[in-house]
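Encoded as structure tokens, the structure appears first; notes follow it.
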Amino acid sequence: TRNRGREEYMKMVAHVVLFPFPAQGHINCMLKLADLLSTSDLHITFLNTHHNHNRLSCFSSAFARLSLRPHFRFLSIPDGLPDDDPRSATALWDLDDSLRTRSGDHLRQLLTSCRQDGWPQITCVLVDSVMPFAIEPVVDLGIPAIIFRTASACSLWAYHCIPKLIETGELPFPDEPDMDEKIQGVAGMESFLRRRDLPSFCRETGDLASSRALQMVSRAVENVNRARAIILNTCESLEGPVLHHIRSSVCPTIFAIGPLHQLLARAHQYSKEQQLSGNLWLEDRTCMAWLDTQPKGSVVYVSFGSFTVMALDELLEFWHGLVNSGHPFLWVIRPDLVDGVERSSTSTELLLEGTIKRGFIIEWAPQEEVLAHPAVGCFLTHSGWNSTLDSVVVGVPMICWPFFADQQINSRFVSEVWGIGLDMKDMTGREVVEMMVRRVMEGEEGKELKQSALVMAELAKRSVQEDGSSYLQFQSLLHYINSL
Ligand code: UDP
């Protein structure tokens, strides 16, 4: 009888598999959702590549804590690259190619073996929108697939409009384009979206059909078009009008449940757990004690995320600009941030020597905690969506220096739509950096940006309260999953 009872229970309980693209921002975001779903009594399998599984097991506090939950497990499959491949930020396309051509079969095998491993049958798989290859095996096995888009809704909508932009001749750009010219083909953004704000792939010249980046985008668009539902880490107060376009033109079943930080923080208030990290790098916590010694609102936090790569000259221009601004700064310089400069050969380190009086440099930060520290006055960011939300939820104004992909459009929203930061896209030079820092940290403009950032943080907070849009849409997502 006990066995029969267990069988019945296993049939009733929902089991969700989450599979993020193997990159820091995607993993962080999906881990938060996995945590939330497991807090809501679902069985969770979190799938990584072997490579990131090992890194997470070394550096992530979430990995350690979630592994202890009885109905939560981490599994992994190969990404197809040799074990000794550094999987550096500059080789993103190699990783994408390898996953696309080699990992589908591994996923199929894993999902098949899950059928006999004593866990409940898989209810659905949450597939990252940039991994179309993963949909095929899921659908073939008769398992419902839900797309999880970890980037902004505005970028999803812009990507979706790219085929139309090509059809109407807005893409590719003409020779020597005026990058400030407005784009007409992205509905709802005609008044503020310029050529330079389109996802960076749109800048590629030559034959668009042979652009690897645009091919990836069009695969992602197709993927999203096939989705029966899409989950987004955003909320109505941030991106309501864009969500409306996506609902009416792409997919009616959208769950906008962000910012996931906040939803999770709210859930954890009840269970008294603290926010956990999904780090793939060893975080350096010495900066927290340094922040404690700095005056309130005085520090510029600088981080360009996990993918950005810059030339040494560019890095030095940032350094001069920051030093000349006169404000203290905390700067994340990943070992592979500077193109062609080995951290161990220490040219960067030598060149940066002497900044330490006013600056603090680390290789990886506990970013969410850093941004929540009262000493932090602004965030000089590459405008990755997760970093943008990290800043939004704590009301810290931004200086945006977008690097690639969706970051170009995110930064336009930060500056033009929400008014919570400045956009220094396509600008370089120490004078620009100094001027931007001064504008955000000093004077009336700085005060206004801070005020708007606080209002935005409040709106984001409201969205996860019991009658808030993200809270309600998360409840709908739970119903939806349980009804599958
Ligand atoms: N992050 C961090 N420490 C750092 C820099 C970044 O924990 O020193 C985290 C950050 O909180 C975010 C992710 O890394 O969750 C970066 O994702 P994002 O989408 O901003 O940018 P990407 O790395 O994908 O370009």
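Eigenvalues of the Cα gyration tensor times 5, then square-rooted: what semi-axes does that give for the range 232-344, in whole angstrom, largest first? Don't skip to the answer; put the middle values down first.
On the way: eigenvalues 229, 96, 52 Å².
The equivalent ellipsoid of the range 232-344 has semi-axes of 34, 22, 16 Å.
Compared with the dominant Cα axis of the chain, that is its longest principal axis, helix 385-394 is turned about 80°. All Cα-Cα distances of the range 151-277, cut into 10 Å bins from zero to the largest, leave 11, 37, 30, 15, 6, 1 percent in each bin in turn.
Rg(Cα) of the range 169-228 divided by 2.2 N^0.38 Å? Display every interim value, and only then the final one.
Numbers: Rg = 12.8 Å, N = 60, 2.2 N^0.38 = 10.4 Å.
With N residues counted in the range 169-228, Rg over 2.2 N^0.38 Å equals 1.23.
The listed peptides 34-47, 115-128, ordered by packing as a protection proxy, come out as 34-47, 115-128 (highest mean of other Cβ atoms within 10 Å first).
Within 13 Å, Cβ to Cβ, of Pro174, how many net charges do the neighbouring residues add up to if Lys/Arg are +1 and Asp/Glu are -1? Let's see the in-between values first.
Details: positive: Arg195, Arg203; negative: Glu170, Asp175, Glu176, Asp178, Glu181.
Around Pro174, the charge tally is -3.
With the gyration tensor restricted to C-alpha atoms of the range 112-203, the semi-axes of the equivalent ellipsoid amount to 40, 12, 10 Å, longest first. Between 0 and 90 degrees, the angle of helix 236-249 with respect to the longest Cα principal axis of the chain falls at about 60 degrees.
Counting neighbouring Cβ atoms within 10 Å and putting the fewest first, the residues Thr150, Thr293, Thr308 line up as Thr293, Thr308, Thr150. Annotation: amide H of Ala256 within the under-5 Å range of Leu232, sequence separation 5 or more or interchain, hydrogens built in the peptide plane. Relative to its Kirkwood radius, the Cα radius of gyration of the range 359-484 gives an Rg/Rh of 1.04. In the chain, the DSSP-assigned H stretches of four residues or longer account for a calculated mean residue ellipticity at 222 nm of -13500 deg cm²/dmol, using -39500 (n - 2.57) per stretch and the full residue count as denominator. Legend: residue pairs Lys32/Lys425; Lys296/Lys425; Lys182/Lys447; Lys182/Lys461; Lys296/Lys447, Cα-Cα distance threshold 24 Å; pairs beyond threshold, Lys32/Lys425; Lys296/Lys425; Lys182/Lys447; Lys182/Lys461. Taking K and R as +1 and D and E as -1, what net charge do the other residues with C-beta under 12 Å from the C-beta of Glu136 add up to? Around Glu136, the charge tally is +1. Building the convex hull from the alpha-carbon atoms of the range 1-84 and averaging its projection over directions returns 6.5 nm². As a proxy for reagent exposure, Ile362, Ile146 were ordered by neighbouring Cβ count within 10 angstrom, fewest first; the result is Ile362, Ile146.
Applying a 10 Å radius around every beta-carbon, put 68-74, 412-418, 162-168 in order of their mean neighbour count, most first. Write down the numbers at each step before the final one.
Numbers: 68-74: 13.3, 412-418: 21.4, 162-168: 15.1.
Going by the mean number of other Cβ atoms within 10 Å, highest first, we get 412-418, 162-168, 68-74.
Convex hull volume per residue, computed on the Cα atoms of the chain, equals 149 Å³. Angle check, please: helix 24-39 long axis (alpha carbons) against the longest principal axis of the chain (alpha carbons), in degrees 0 to 90, nearest 10. So the inclination is approximately 40 degrees. The share of C-alpha pairs in the range 289-342 whose separation exceeds 15 Å stands at 53 percent.
Throughout, read-outs are computed from the coordinates displayed, never taken from laboratory work. None of the values given here were measured: they were computed from a predicted structure. Neighbour counts are summed over all protein chains in view; Cβ atoms, including those assigned to glycine, are modelled from backbone coordinates with ideal geometry.
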